[in-house]
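The values are calculated or read from the model by the stated rules, or taken from the named source; none is laboratory data. Every value quoted in this text rests on a predicted model; they were computed, and no experiment measured them. FYI the Cβ positions are ideal-geometry reconstructions off the backbone, even for glycines, and counts take in every protein chain you see.
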Amino acid sequence: MTVSSAMAVPLRLIPIPAIERATRLVFSHVMARHPGLFDRLGDYAHKRYGFIPSDLPVGFLVEPGKGRISVHRKPDLPPTDAAVTGGFVLLLGLLEGRLDGDAVFFSRDLTVTGDMEAMLALRNALDDCNIDLPSDIGSLAGPFAPLVRRAASEIRSRVLPREAGQWN
Amino acid sequence: MTGATLPSLSLGPVLYLWDGPKWRDFYFRIADETPIAHVVIGETVCSKRLHFIEPHVGEVVERLERAGKSVSLASLALVTLEREAQVVRALVRDSTHPIEANDLSALGLLAGKPHSVGPLINVYNGATARLLASRGATSICLPPELPMASVRDIVRDTPGVSFEIFAFGRVPLAISARCAHARSKGLVKDNCQFICGDDPDGLVVETLDRQPFLALNGVQTVSHTCQTLIQELPELIKAGISRIRLSPQDCDMVAVARVFDDAIAGRSLPADAIARLLDAYTGAQFSNGFHYGQQGAAWIADHTLT
Amino acid sequence: MELICPAGTPAAFREAVDAGADAVYCGFRDETNARNFPGLNFSRDELKAAIAYARQHGAMTFVAINTFMRAGREKLWHEAVDDAVRLGADAVILADFGLMAYTAERYPEQRLHVSVQASASNADAVNFLVETFRAKRVVLPRILTIPDLARLAKQIRCEIEVFVFGGLCVMAEGRCSLSSYATGKSPNMNGVCSPASHVRYREDGCELVSELGDYTINRFPAGEAAGYPTLCKGRFNVADERGYAFEDPVSLDVMDHVDLLREAGVSALKIEGRQRGKAYVAEVVSVMRRALAANAADRPALISRLRLLSEGQRTTSGAYEKRWR
């Protein structure tokens, strides 16, 4: 379950500040639409979370308590309290709660490191949020939005049915 | 310690499979040589083992009573088969001695009769202790994982019941329908060949990094460490604990009993007591973490931590 | 037979109801229930909304208050029962005798179920709880064979609920201090087994190492399916043999025996997994619902889709079959 090269290539070409601007826009929009996330996160909102797509050259640092997300080239990613590594599409699937985090951990498609309590709190908080990226960012413009929308639609149309097929 | 009555020593049932003569001789020494006041005997772990001790129960009870000890009979900890249910029913029906209940079926059957409650029954609060007392429980050995704060509250909230603390021995941590001990030797429970008898003190389970961690005792899992609440005796006495339970290990239990007797009476310092326990149980690793609400495997030397 | 489904969050609760649960069980966001994990479980308001949603769709709500009351903190457990009753829980699932007594006395009309954590594994034990606390149903520990269940059903005066799918406790439930021994947090007192606060994963060469507190619980070579760092499913050395001392990282699946369970007199089938995500709940509940309606011959194909969602990606019928022992 990896990002198609058609998506990965543009991401490599776009300068980090541009990716970061777009990501922040999406992030703040999602946070505003899902305030319940904070309630469920409780004190874990103050932890620093890393999301590291294994198939992209960048990683994301999320600090929910500060309402902040930043994008870094992988070697420059600042220290985190807890981090999750896996394919970009898979990470988006987890964000939306369309994939079961435990199942992709069991299958070794996902690795988690650091403070497991914090990671579990975030997982559970996200799971209750019903984030739906296409509709959450539907109104947004910017260079990154089409990419995320495309990734999200990849989850729907290509990746998830194929995965489901493998279960049979 | 002023005003508090000193607790007496009690001996829990042998948890391991010892052959009949070894089991009998162990109790003869307990009868003849120790200051232990109460002795609980009987197989609690596995119903398949019952026949090993049955031929010797009569003479052991007689010898213990002749030495002035009070004797109770322990019921099975895990009852799933009809045969096991019958064993418990027969024990409750026929016993001329008080029974220590170790599962809910015994608790149910003993309603209205004076009995004691073993450490494997979940008594975590005063409400539960009082309920059991109202049904006939006269003494309760609290679960080994209970922290001191809970012990204090339960004893305070439950007048009229003698409370007992699991103060020495590998801690019974879990019990299963499956026999890990038999499996570890390539056998299954139904044809186990009583292989657990090869390990009279339990079979050590190490982590993959060779760190000793647990021990197998048939269907039961016990701790690798030996829980030792001896520096904690003053606060246990102050809290009103009536009995200090020693759980038999394959070591010099007569010496262990004397060490605890001296410590209760204030005749020895904790450091000396621990050194003597190590002589009696060579190679043992002691723990007391549960008492402090910490990991059970921990050893906390500074008892001012509470 | 009723299908009893897990929910750790309101979103999972709705998924379970939509997928055809007869009842959904859940707990409050504190130590009063045995899945006290960070970010999981329900506030009072969330439970109220969940119960209303279930009612609209003809489903029941069971509230698990199935840890043991901490001495001196009984109020937390009492309030959990008070609120569950007040909000209209169809049943409360309890393990502690003291709390059962409180509930039976205060709320004689409230339906009381005996949690698996109470460890009632035989007829005398169950009848004790039925007579003393008027329990209407018992959730049996995962240590009985199907013939054991059938025999038990004839000797007791309440309904039987059994686990059929999900996590597998190898030890008798409610009587296990393994996790407490390694971490200081107790399943019985704190509602956590292998608490996340003490779990670490690290890579060692190409192995994934899982640790709980100071102990290595497993090393997974590259490509091998992983599991939770639960002690009873860890890999250890016993007498110089390296392996799974208690049980492999597998989960429970007894759907092949569902007709036997019905004949044995079982009233309700329970799915484990309040800690799992809503995607899992939706998938498992809908497949189970279809499997229950299907012919026995068609069930294995339906259920096999769930295997890859399971711990270790393998399943076992556990103690329900005698050879497991």
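Of all residues in segment B:30-55, those satisfying the criterion of being over 18 Å from the mean Cα position of the chain (by Cα) and either loosely packed, with under 14 Cβ neighbours inside 10 Å or not in a helix (DSSP H, G or I) (or both) are B:32, B:51, B:54, B:55.
Annotation for segment C:217-227: no member residue is under 17 Å from residue B:222 (Cα atoms) and more than 23 Å from the chain's Cα centre (by Cα).
Among the residues of segment C:143-154, is there at least one that is in a loop (DSSP other than H, G, I, E, B), under 22 Å from residue B:132 (Cβ atoms) and touching a Lys or Arg at 6+ places or on another chain (Cβ under 7 Å)?
No, there is no match, as no residue in segment C:143-154 is in a loop (DSSP other than H, G, I, E, B), under 22 Å from residue B:132 (Cβ atoms) and touching a Lys or Arg at 6+ places or on another chain (Cβ under 7 Å).
Determine which member of the set C:95, C:19, C:101 is in contact with a Leu (Cβ under 9 Å, 6 or more places away or on another chain) and at pLDDT 95 or above. That would be C:101, the only listed residue that is in contact with a Leu (Cβ under 9 Å, 6 or more places away or on another chain) and at pLDDT 95 or above. Residue A:76 meets each of the listed conditions (1) within 14 Å of chain C (Cβ to nearest Cβ); (2) charged (D, E, K, R); (3) farther than 19 Å from residue C:308 by Cα apart from (1). Of the residues making up segment B:93-126, those that are farther than 26 Å from residue B:233 by Cβ, over 15 Å from the mean Cα position of the chain (by Cα), within 13 Å of another protein chain (Cβ to nearest Cβ) and touching a residue at least 24 places away in the same chain (Cβ under 8 Å) are B:105, B:106, B:107, B:110, B:111, B:112. Among the residues of segment A:127-149, those identified as out of contact with any Asp or Glu (no Cβ under 8 Å at 6 or more places or on another chain), modelled with pLDDT under 90 and not in a loop (DSSP other than H, G, I, E, B) are A:134, A:135, A:136, A:145, A:146, A:147, A:148, A:149. The single condition among (1) among the small types (Gly, Ala, Ser); (2) under 22 Å from residue B:177 (Cα atoms); (3) out of contact with any Gly (no Cβ under 6 Å at 6 or more places or on another chain) that residue B:68 does not meet is (2).
Among the residues of segment C:295-325, those identified as buried (at least 21 other Cβ atoms within 10 Å of the Cβ) and in a loop (DSSP other than H, G, I, E, B) are C:306, C:310.
Let me confirm something: among B:247, B:242, B:176, which residue is within 8 Å of chain C (Cβ to nearest Cβ) and of a type in the set (S, T, N, Q)?
Checking each option against the conditions leaves just B:176.
When you check residue C:308 against the structure, is it more than 19 Å from the chain's Cα centre (by Cα) and under 30 Å from residue C:146 (Cα atoms), yes or no? Here the answer is yes, as residue C:308 does meet what is asked.
Against the list (1) buried (at least 24 other Cβ atoms within 10 Å of the Cβ); (2) among the hydroxyl-bearing types (Ser, Thr, Tyr); (3) more than 9 Å from chain B (Cβ to nearest Cβ), the condition residue C:197 fails is (1). Just one of the listed residues (C:160, C:146) is closer than 30 Å to residue C:90 by Cα and at pLDDT 95 or above, and it is C:160. Please identify the pairs in which a residue from segment C:253-274 that is under 11 Å from residue C:320 (Cα atoms) has its Cβ atom under 6 Å from the Cβ atom of a residue that is buried (at least 18 other Cβ atoms within 10 Å of the Cβ) and polar (S, T, N, Q), counting only partners at least 6 apart or on another chain. Short answer, once both residue conditions are applied: C:253/C:315; C:254/C:317.
Residues checked against (1) among the acidic types (Asp, Glu); (2) at positive phi; (3) more than 8 Å from chain B (Cβ to nearest Cβ); (4) buried (at least 20 other Cβ atoms within 10 Å of the Cβ):
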{"position": "C:212", "(1), (2), (3), (4)": "no, no, yes, yes"}
{"position": "C:229", "(1), (2), (3), (4)": "no, no, yes, yes"}
{"position": "C:236", "(1), (2), (3), (4)": "no, no, no, yes"}
{"position": "C:239", "(1), (2), (3), (4)": "no, yes, no, no"}
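If you check residue C:181 against the conditions, is it of a type outside the set (Gly, Ala, Ser), farther than 14 Å from residue A:111 by Cβ, more than 7 Å from every other protein chain (Cβ to nearest Cβ) and free of Cβ contacts under 8 Å to residues at least 12 places away in the same chain?
no
Applying the criterion of at least 3 residues that are surrounded by fewer than 23 Cβ atoms within 10 Å (Cβ to Cβ) and modelled with pLDDT of 95 or more to the helices (runs of 4 or more DSSP H) found wholly in segment B:141-260 leaves B:148-157, B:233-239. Inspect all residues belonging to segment A:108-120 and state whether any of them is buried (at least 23 other Cβ atoms within 10 Å of the Cβ), assigned to a helix (DSSP H, G or I), more than 7 Å from chain C (Cβ to nearest Cβ) and at pLDDT 90 or above. Yes, the conditions are met somewhere in segment A:108-120. Go through segment B:55-89 and give me each residue that's within 30 Å of residue C:172 (Cα to Cα), without any contact (Cβ under 8 Å) to a residue 60 or more places away in the chain and out of contact with any helix residue (DSSP H, G or I) (no Cβ under 8 Å at 6 or more places or on another chain). Result: B:57, B:72, B:86.
Matching residues to (1) closer than 21 Å to residue C:141 by Cα; (2) touching a Lys or Arg at 6+ places or on another chain (Cβ under 7 Å):
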{"site": "C:3", "(1), (2)": "yes, yes"}
{"site": "C:14", "(1), (2)": "no, no"}
{"site": "C:19", "(1), (2)": "no, yes"}
{"site": "C:37", "(1), (2)": "no, no"}
{"site": "C:52", "(1), (2)": "no, no"}
{"site": "C:66", "(1), (2)": "yes, no"}
{"site": "C:72", "(1), (2)": "no, no"}
{"site": "C:75", "(1), (2)": "no, no"}
{"site": "C:80", "(1), (2)": "no, no"}
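Filtering segment C:254-297 to residues that are among the charged types (D, E, K, R), within 14 Å of chain A (Cβ to nearest Cβ) and out of contact with any Cys (no Cβ under 8 Å at 6 or more places or on another chain) leaves C:272, C:276, C:278, C:283, C:290. In a residue-by-residue description of segment B:56-72, the property of being more than 24 Å from residue B:167 (Cβ to Cβ), surrounded by 22 or more Cβ atoms within 10 Å (Cβ to Cβ) and small (Gly, Ala, Ser) applies to no position. Here residue C:251 meets each of (1) more than 10 Å from chain A (Cβ to nearest Cβ); (2) closer than 19 Å to residue C:170 by Cβ with one exception, condition (1). Of a type in the set (A, V, I, L, M, F, W, C) and closer than 22 Å to residue A:120 by Cα: does that describe residue C:62? Judged against the criteria, residue C:62 is not a match. If we scan segment B:290-300, do we find a residue that is exposed (fewer than 15 other Cβ atoms within 10 Å of the Cβ), in contact with a helix residue (DSSP H, G or I) (Cβ under 9 Å, 6 or more places away or on another chain) and in a helix (DSSP H, G or I)? Taking every residue of segment B:290-300 in turn, none turns out to be exposed (fewer than 15 other Cβ atoms within 10 Å of the Cβ), in contact with a helix residue (DSSP H, G or I) (Cβ under 9 Å, 6 or more places away or on another chain) and in a helix (DSSP H, G or I).
Looking across segment C:132-178, the residues that are β-branched (Val, Ile, Thr), more than 7 Å from every other protein chain (Cβ to nearest Cβ), touching an Asp or Glu at 6+ places or on another chain (Cβ under 8 Å) and in contact (Cβ under 8 Å) with a residue 40 or more places away in the chain come down to C:139, C:145, C:146, C:164.
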